[in-house]
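I have placed the structure first, in the form of structure tokens, so that the comments after it can refer back to it.
The values are calculated or read from the model by the stated rules, or taken from the named source; none is laboratory data. Note that the coordinates shown come from a computational prediction; the quantities given were computed from them, not determined experimentally. All Cβ positions, glycine included, derive from the backbone under ideal geometry; neighbour counts span all protein chains shown. For accessibility, only protein heavy atoms count, side chains too; no ligands or nucleic acids. Shrake-Rupley method; radii C 1.70, N 1.55, O 1.52, S 1.80 Å.
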Amino acid sequence: MFSMLMISTIILLISVMVMFLASLLSKKTLVDREKSSPFECGFDPKSSSRLPFSLRFFLITIIFLIFDVEIALILPIILIIKFSNLMIWTITSITFILILLLGLYHEWNQGMLNWTN
């Protein structure tokens with residue numbers, strides 16, 4: 001029991017020392033203007049590189065990802081038609097596609113698909 005406690009203490013101390021040394025040695029001491037500026041083929045940037053991007057573009061990409069995942073969920077539905085009950089398969093497929101169409105209508109109604117605004 002005592003040897004297990006001793007080994008655990010030694011492992012803990014070694015871990016703490018390694019983490020402390022890693023954080024101490026990884027600190028950046030010099031701030032170089034060239035290294036902290038964005039890389040644009042050697043030229044100084046004409047504007048700030050930290051400007052936020054368009055929120056509309058972000059939302060369009062999220063919509064694309066959602067519909068991309070939904071297409072990946074629709075593809076196996078075609079393959080399982082041979083192995084499942086036709087009535088349950090039809091109801092499930094129609095329900096899934098109706099949910100997709102309702103989501104698309106809601107996004108269209110909210111104006112999310114209008115790129116120019």
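Points worth noting:
- Of the helices (runs of 4 or more DSSP H) that lie entirely inside segment 1-98, those containing 3 or more residues that are open to solvent by less than 100 Å² (accessible area, probe 1.4 Å) and at pLDDT below 85 span 55-79.
- When the residues of segment 99-113 are filtered to those that are part of a loop (DSSP other than H, G, I, E, B) and open to solvent by less than 80 Å² (accessible area, probe 1.4 Å), the one that is nearest to residue 56 (Cα to Cα) is 112.
- Pairs, first at negative phi in segment 83-108, second surrounded by 11 or more Cβ atoms within 10 Å (Cβ to Cβ) and of a type outside the set (A, V, I, L, M), C-beta under 6 Å, six or more apart: 100/70
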